[in-house]
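Have a look at this one.
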């Protein structure tokens, strides 16, 4: 099968979709599902069927994440010749009203907006930010559930990686094709040499989205220049940071995009086999990626002759079994090989000796998902977004003490203030902002005075945090910082693989000191010891886990020193000096 | 004892008498009994049996021809493998960053006080297990729990308490009922 056939399939799907007067999109990503989206989807389906209207009046589509997870389940209605309308906090009871409002009748009573859903519209159900925003304008009960699409939450975002999530059915290859899917792959195979592809990615300025920010094009070039019989591509979907779920969302909601990026990468570096390493905690992502691989294989997008060319590539899924350290590339390689996921000293880097000693590219899910857009729209377009050294967009999982939480994609260089107050809607319950935590257990806390810092790799590192994979947890003044630092240290103690001593022993000792401090039994000397020990662990650990484990302590010590000081018993320092 | 390596067929009874082994055999066969497939096989075993018993690990070690020490080493390295049967009801409480700052500890405390179990433990009657997850990735709904496969968001200690008590007492009643009938 060549690309023209795929284009035909996409075209057919597009014209099929355009026949519908309106399409009702129901978010069925994990967050909305846990808020009850499964039932919502079923009752939407039933309500539309009960209308007994013409088949082409309405179609209910299961989609992925629409972003505003805190208001889930979300339902979006797109009617021809009118603006899309987004409903939040949709209960199964409410679906009838939504359908009655938008879908013309064939059966049940018409234009009902007023009645019976008192049980679904209790004040508790209406998030107050929206309630206050809309209550005044709301003409009907149903209107109160409308989320205005001109909220800064939506308008401040720039969607590249997430451009199709929430708009397509992730289980349907046709839907991806209808939105221009695999066009980039066809273009690459027909018009570009592997070297061209590497250069294009290099020029775009794309950097690894796993957190370290290594230029992707450079990495690909290293592997391309290796002469070896076997080369591998690994997509790192072992999203271990607590508070981060960007990669899961991309894999679940737009799996073909990840696959397309991966195949393009394989072509660019000359690999014929690839693995997607996915966290075992993400069964739905595993399922969707597997489905996508099967569909792509059936359409000859994967296999011995990719799109009818002589380029051959196969992909398989490997399931991680819950080890944070496997996010580190050499540990991940060991895990794919079926061993204990322990890191090793680099060099040699995986680009020269990786999986089964063959040259290997390892990229994060989000990095791969950027690739099709870069090829489609050009390196210059991509490089025009963002700051001088950090190009493009970044997906963040926005969580914590915020009015709007969910999945966002913002251009690099946006300030934290814009994210917290415009997109996030500020801190609820009359509390005050205290810190923004980026990078999970490897990152740090950024206090209020640095809220105007642009979000890019260098600025965040300068503040003692890291970009990380995209977890962004906002905390208010109810949070105690030493306790918060201890939470992350607890995590690192648990997740340290035990190979090198600074990390295995050091993290435990840091936690002991923190616990002593929190219990109010520490003296100033302990505080010094804490600082010294953190330095030691940072500089002498083998891999990224240990090297960055003290970051939460460092940053809280730096910016919230007073909270540590108040816990210290100054007098004991002198008395216990000898012990 | 080495168990021979048959190519499992549908409907065939496994020599051990336990047909669940067939599905593990199938996984191993898919990977051509390669040593590299150890993690995948352990994943399959955990899924089918719910936990990895000593016998199971020995079986996998024999079939893949991987030393037992290595099988044990890999199995104990990863958090998702458990070595004891789980309770009939399992409540996973997410302790990710977002859930932590929104009070996941209080949820854990409520359950561990009620059932007198620590995180990772099962009640002696085998009815309830309390598990902690590092992050379930539903941070927008923090704090999040998963009770018997069903996810609940924006939980309070009281709500979790009621949910779990309901589930467990249902089982207790059923148990009492079957004993009466029996």
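Of the residues A:429, A:452, A:422, only one is surrounded by fewer than 21 Cβ atoms within 10 Å (Cβ to Cβ) and within 14 Å of chain B (Cβ to nearest Cβ); which? Before you say what the answer is, go through the steps one by one.
Numbers: A:452 fails: within 14 Å of chain B (Cβ to nearest Cβ); A:422 fails: within 14 Å of chain B (Cβ to nearest Cβ).
The unique qualifying residue is A:429.
Here is a follow-up. Collect the residues in segment A:15-37 that are surrounded by fewer than 22 Cβ atoms within 10 Å (Cβ to Cβ), under 25 Å from residue A:98 (Cα atoms) and at pLDDT 90 or above, keeping them in residue-number order.
Filtering segment A:15-37 for residues surrounded by fewer than 22 Cβ atoms within 10 Å (Cβ to Cβ) gives A:15-23, A:33, A:36.
Checking which are under 25 Å from residue A:98 (Cα atoms) leaves us with A:16-23, A:33, A:36.
Result: A:16, A:17, A:18, A:19, A:20, A:21, A:22, A:23.
So residue A:224 fits all but one of (1) touching a residue at least 60 places away in the same chain (Cβ under 8 Å); (2) assigned to a helix (DSSP H, G or I); (3) under 30 Å from residue A:5 (Cβ atoms); what number is the exception?
Only one criterion is unmet by residue A:224, namely (1).
Restricting attention to segment A:234-244, and to residues there that are within 12 Å of another protein chain (Cβ to nearest Cβ) and closer than 22 Å to residue A:337 by Cβ, which single residue is surrounded by the most Cβ atoms within 10 Å (Cβ to Cβ)?
Looking at the filtered set, the residue picked out is A:239.
Within segment B:144-178, which residues are touching a residue at least 24 places away in the same chain (Cβ under 8 Å), in contact with a helix residue (DSSP H, G or I) (Cβ under 7 Å, 6 or more places away or on another chain) and in a strand (DSSP E or B)?
B:145, B:147
Going through segment A:316-333 one residue at a time, which ones are under 19 Å from residue B:46 (Cα atoms) and more than 8 Å from chain B (Cβ to nearest Cβ)?
Of everything in segment A:316-333, just one residue is under 19 Å from residue B:46 (Cα atoms) and more than 8 Å from chain B (Cβ to nearest Cβ), namely A:317.
Within segment A:26-112, considering only helices (runs of 4 or more DSSP H) that don't extend past its boundaries, which have at least 2 residues that are more than 14 Å from every other protein chain (Cβ to nearest Cβ)?
A:37-50, A:92-102
While we're looking at this one, here's another question. Can you report the number of residues in segment A:356-372 which are assigned to a helix (DSSP H, G or I) and buried (at least 24 other Cβ atoms within 10 Å of the Cβ)?
Taking segment A:356-372 and keeping what is assigned to a helix (DSSP H, G or I), we get A:356-357, A:365-372.
Going one step further and asking which of them are buried (at least 24 other Cβ atoms within 10 Å of the Cβ), we end up with A:365-372.
The total comes to 8.
Given B:103, B:126, which one is surrounded by fewer than 21 Cβ atoms within 10 Å (Cβ to Cβ), more than 26 Å from residue A:474 (Cβ to Cβ) and either within 13 Å of chain A (Cβ to nearest Cβ) or touching a residue at least 12 places away in the same chain (Cβ under 8 Å) (or both)? Break it down stepwise before answering.
Details: B:103 fails: more than 26 Å from residue A:474 (Cβ to Cβ).
It is B:126.
Say whether the condition of being assigned to a loop (DSSP other than H, G, I, E, B), more than 11 Å from every other protein chain (Cβ to nearest Cβ) and in contact with a strand residue (DSSP E or B) (Cβ under 9 Å, 6 or more places away or on another chain) is met by at least one residue in segment A:245-265. Full working, then the answer.
The initial filter retains those residues of segment A:245-265 that are assigned to a loop (DSSP other than H, G, I, E, B), namely A:245, A:254.
Then keep just the ones that are more than 11 Å from every other protein chain (Cβ to nearest Cβ); that gives A:254.
Subset that is in contact with a strand residue (DSSP E or B) (Cβ under 9 Å, 6 or more places away or on another chain): none.
Within segment A:245-265, not a single residue is assigned to a loop (DSSP other than H, G, I, E, B), more than 11 Å from every other protein chain (Cβ to nearest Cβ) and in contact with a strand residue (DSSP E or B) (Cβ under 9 Å, 6 or more places away or on another chain).
Could I ask something else about it? Pairs only if they're at least six apart or on different chains, beta carbon under 7 angstrom, first in segment A:39-64 and outside the structural domain of residue A:89 (by TED's automatic domain parsing), second surrounded by fewer than 21 Cβ atoms within 10 Å (Cβ to Cβ); list them, first residue then second.
Listed pairs, sorted by first residue: none to list.
Of B:110, B:44, which residue is at pLDDT 90 or above, within 11 Å of chain A (Cβ to nearest Cβ), at negative phi and touching a helix residue (DSSP H, G or I) at 6+ places or on another chain (Cβ under 9 Å)? Quick ask: steps written out before the conclusion?
Working: B:110 fails: within 11 Å of chain A (Cβ to nearest Cβ).
The match here is B:44.
Still on this structure: In segment A:291-312, what residues are surrounded by fewer than 23 Cβ atoms within 10 Å (Cβ to Cβ), free of Cβ contacts under 8 Å to residues at least 60 places away in the same chain and either more than 25 Å from residue A:230 (Cα to Cα) or touching a helix residue (DSSP H, G or I) at 6+ places or on another chain (Cβ under 9 Å) (or both)?
Scanning segment A:291-312 gives A:293, A:298, A:303, A:312.
The values are calculated or read from the model by the stated rules, or taken from the named source; none is laboratory data. Everything quoted here is computed from the prediction, not taken from an experiment. Cβ sites come from the backbone with ideal geometry, for glycine too, and all protein chains shown count toward neighbours.
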